[in-house]
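Enquirer: Please find one structure pasted underneath; my questions will follow.
Taken together, the values in this text are just the output of simple stated rules run on the coordinates, not laboratory data. Quick caveat: nothing in here was measured; it's all calculated off a predicted structure. Cβ atoms come from the backbone with ideal geometry, glycine included; neighbour counts cover every protein chain shown.
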Amino acid sequence: MGPLEILLLALALSADAFSVGAALGLKHRSPRQTFRLAFHFGLFQALLPLLGALLGTTLLAQVERWDHWIAFGLLVFLGVRMIRHAHEDERKRVADRDPTRGWSLVGFSVAVSIDALAAGVTLPAVGAPILPAVITIGMVAGLSTLVAIRLAATIAERLGARIEVAAGFVLIGLGVKVLLDHLGFWSP
């Protein structure tokens, strides 16, 4: 696997980070929040394929049984929560927990990086240089998240709370897509 293939893999794996980053960036886009999201999404996107490459198919077989349910549950829960809170009073919103901190951040980071774990298992099999591959995957995911948050901020200024409702539906849709992909609805 050469540099171009590694870059294409990194771009494909960063799609979930981009989508979730855009949804979160509608409401949580301060410089610190942006940094936390981009850094952690990039870090998890790098660490999980490294873990996959190191542990191999033994761990993957165990995780594959549940990964789709974990990602589905996290994304649907967070999407419903985002829709529910879209029109709340601003004072109540300030009291809400910041999803760019603590366990919420870890949950989002894992949800967007589960596919990277499976990709990591394949890296040694296709002859990819592990360290450059995981660094590239992590950097692309971090940059994708940063770009998504910046785009979301521009859109949010124009569309207000309606876009937050749409973002909630995007998160739910991503969760459903993960589940349907696992169940084979998209394959012939």
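Enquirer: Could the peptides 129-141, 1-13, 171-183 be put in order, highest first, of the mean number of other beta-carbon atoms found within 10 Å of their residues? The partial results should precede the final answer.
Expert: Values: 129-141: 20.5, 1-13: 15.8, 171-183: 17.8.
Going by the mean number of other Cβ atoms within 10 Å, highest first, we get 129-141, 171-183, 1-13.
Enquirer: Along the Cα→Cβ direction, 7 angstrom out, place labels at Val176 and Ile155. What is the inter-label distance in nm?
Expert: With each label point 7 Å from Cα toward Cβ, the separation is 1.7 nm.
Enquirer: Let me ask something additional. Eigenvalues of the Cα gyration tensor times 5, then square-rooted: what semi-axes does that give for segment 1-53, in whole angstrom, largest first?
Expert: Semi-axis lengths for segment 1-53 are 24, 12, 9 Å.
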